[in-house]
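A.B. asks: I'd like to ask you about the structure that follows.
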Amino acid sequence: MVWHSFPVRTWASTWDVNTYNAHAGTAAAMPWTQDSADPLLGYDPAIGGMEPWKPGAVDAIYYYKGGATDSASAATAIATGMKTDSGNIAWVSGDLPDGELETIAELMRSRRGSAIGVVSTVPFNHATPASFVAHSTNRDSYATIADEIIAMTKPEVVIGGGHPDSTTTYVSHTNLEELRGSDYWNLVELTPGQDGGAKLLDAAATLPTGKGLFGLFGSLGDGAFEAPVPANTVEAPTFTRGTIDPSLATAVQAAATVLSRDKAGFFLMVELGDIDWANHRNDATRMIGTIASLDEAVQAAITFISREGDAFDWSNSLVIVTADHATGLPRFPSTAFIAKGERPR
């Protein structure tokens, strides 16, 4: 992967309050508080283990006893630097009134005047992108989260899935009509038979000053982008790629094109969200395709920063590649199973 060549590698701790309290209870320790938490109660690598997971192993028992950290609380930890409860979107633990936590995107905008954007291969109002540009005590409040992003936060760029022609779970047709009629948003949307990536790049290149770019795609029934489908070509990996949704790399390129117009710089959160969904479903084929998408997207960011003739270079730019949490301890089956190219059942 391209990020394996990055000069710095470190660790981030994204456990949430619920996980912490589960482990604290086992250890007969005090519950979490903001001022007196022991990070190793949230997650202890010495117990979690470094070896691949095996059924009944100590690390598996430890993992399940604490529970997997939730996407919303993990994203909140990254976006705000604060621990919170499972299911919270940039909101303080305990769901206190007026408990909105200021995110790094909001700080960049308020303190520096920077442009901000979020990109995801899953619905734009899902847990991870929402935690950077919205606030809620319930990650499943998709309607109110969408309303906040579209009508209140108004990032300069939003690109994601959830188009209501594929699924109405996340975004309503009312939201769609609001975007179509908006004076602020330039909407590029899912259109069968049309190349979503080409449309998105064209819109980014011609976006009028003062307008925001909104890409609403997600051709799959779960609201996500199409993932490249890997072929069983040993030592020469190949993929079949769709064109209705933009690739994540194309979305990065479009977002950076728009955001880089701001002389005060920009903040962009990019999520390869459906790797999470693939792992939850033990879908190794989709997982491999999504990893290929992520690799291409990171390379697109590096290429953008490395190009000459603009204000951005490696003296004033930072790229971080991270995961928010594990999803179910996936593991590969036998080599015979892999060699036959079968999908998990």
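A.B. asks: Exposure proxy check: 109, 281, 307 ranked by fewest other beta carbons within 10 Å?
C.D. replies: Fewest-to-most Cβ neighbours within 10 Å comes out as 307, 281, 109.
A.B. asks: When a/c reaches 1.5 or more, the comparison of a/b and b/c decides; with that in mind, is region 232-331 rounded, prolate or oblate per its Cα gyration tensor? Before the final figure, lay out the partial values.
C.D. replies: Values: a/c = 2.34, a/b = 1.82, b/c = 1.29.
Cα axes put region 232-331 in the prolate bin.
A.B. asks: Further, regarding this structure: Given an 8 Å cut-off on Cα distances and at least 6 residues of separation, report the relative contact order of the chain as a percent. Intermediate results must be reported in sequence, preceding the final value.
C.D. replies: Working: 636 pairs, mean separation 55.2, N = 345.
Once divided by the residue count of the chain, the mean separation gives 16 percent.
A.B. asks: What are the principal axis extents of the Cα atoms in region 150-206, in Å, biggest first?
C.D. replies: So the three principal-axis extents are 26, 26, 17 Å.
A.B. asks: I'd like the Kirkwood hydrodynamic radius of the chain, using the inverse of the mean 1/r over distinct C-alpha pairs, in Å.
C.D. replies: Values: mean 1/r = 0.0473 Å⁻¹.
Its Kirkwood hydrodynamic radius stands at 21.2 Å.
A.B. asks: Could you state the number of Å between the C-alpha centres of region 117-191 and region 232-248?
C.D. replies: Their Cα centres are 27 Å away from one another.
A.B. asks: Still on this structure, I have one more. At a Förster radius of 51 Å, what calculated FRET efficiency corresponds to the Cβ-Cβ distance of residue 198 and residue 46, to the nearest 0.05?
C.D. replies: On the way: r = 50 Å, r/R0 = 0.99.
The formula returns an efficiency of 0.50 here.
A.B. asks: Using DSSP loop states and a limit of at most 12 other Cβ atoms within 10 Å to flag GluC sites (Glu not before Pro), what is the longest stretch of the chain containing no flagged site?
C.D. replies: On the way: sites that count: 235, 308.
Here the longest run is 1-234.
A.B. asks: Continuing with the same structure: Determine the shape class of region 222-275: with a ≥ b ≥ c the square roots of the Cα gyration tensor eigenvalues, call it rounded for a/c under 1.5, and otherwise prolate if a/b is greater than b/c, oblate otherwise.
C.D. replies: Cα axes put region 222-275 in the prolate bin.
A.B. asks: Could you tell me the relative contact order of region 198-296? Use alpha-carbon pairs under 8 Å, at least six residues apart, and round to a whole percent. Kindly include the intermediate steps, with their values, before the conclusion.
C.D. replies: Values: 105 pairs, mean separation 29.6, N = 99.
Computed over region 198-296, the figure is 30 percent.
A.B. asks: Distance check, please: which entries in 83/154; 199/263; 83/199 exceed 28 angstrom between their Cα atoms? Intermediate values should be presented prior to the final figure.
C.D. replies: Numbers: 83/154 25 Å; 199/263 26 Å; 83/199 39 Å.
Table pairs above 28 Å Cα-Cα are 83/199.
FYI, it's all coordinate maths here, none of it is from the lab. Everything numeric here is computed off the predicted structure, so don't read it as measured data. Note that each Cβ is placed from the backbone with ideal geometry, even for glycine, and that neighbours are counted across all protein chains shown.
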